[in-house]
Amino acid sequence: MDEEFNVLGGPLEPCGTDPVTGFYRDGRCSTGPQDVGSHTVCAVVTHEFLEHQASVGNDLSTPRPEWRFPGLTPGDRWCVVAGRWLQAYEEGVAAPVVLASTHERALDVIPFAYLREHAVDVPPDPGSLA
């Protein structure tokens, strides 16, 4: 597999392993042709974000073992669909984002400024956030 990059231009870092996230369930927001939803945003889910997602038909709290999905609780890191995160942003309930673990393909859907507004990680060179 070719190296993947984050929205800061560096190597894509892991998002979460408890629970194991990612379209490929490898702990990373990796993407590829099979990932038509673009699960590329590493979000730290909040109660408000989870409620919002349920209200738009994307229940992230209920376990779905057939999809190896444990159900999420506030504070979990999860690779969310870029379009769903953007929808939550536009409705005022965006979850915090780990930029170093958010795949650069998220920028195909979400302006970097929106992600930066909700960043919970600070890169070694904060000037890159400007």
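Read-outs: derived from the displayed coordinates by stated rules, not from any lab. These numbers were taken from a predicted model, which means no experiment stands behind them. All Cβ positions, even for glycine, are placed from backbone atoms using ideal geometry, and neighbour counts span all protein chains on display.
List the extent of the Cα atoms of region 1-52 along each of their three principal axes, largest first, rounded to whole Å.
Sorted from largest, the Cα extents of region 1-52 read 36, 23, 19 Å.
Using a simple charge model, +1 on the beta-carbon of Lys and Arg, -1 on the beta-carbon of Asp and Glu, nothing else, what dipole does the chain show about its Cα centre, in debye to the nearest 20?
200 debye
Helix-derived [θ] at 222 nm for the chain: sum -39500 (n - 2.57) over DSSP H runs of at least 4, divide by residue count, nearest 500?
The helix contribution divided over the chain gives -5000 deg cm²/dmol.
Non-local amide H neighbours of Val20 (under 5 Å, H modeled in plane, Pro and chain starts lacking H): which ones?
none
Rg and Dmax in Å for the chain, alpha carbons only: what are they?
For the chain, the Cα-based Rg and Dmax read 13.6, 43 Å.
Per-residue HN-Hα couplings for region 14-29, Karplus 6.51 cos²θ - 1.76 cosθ + 1.60 at θ = phi - 60°, whole Hz, x for Gly and Pro?
x, 9, x, 10, 9, x, 6, 9, x, 3, 8, 6, 10, x, 10, 8
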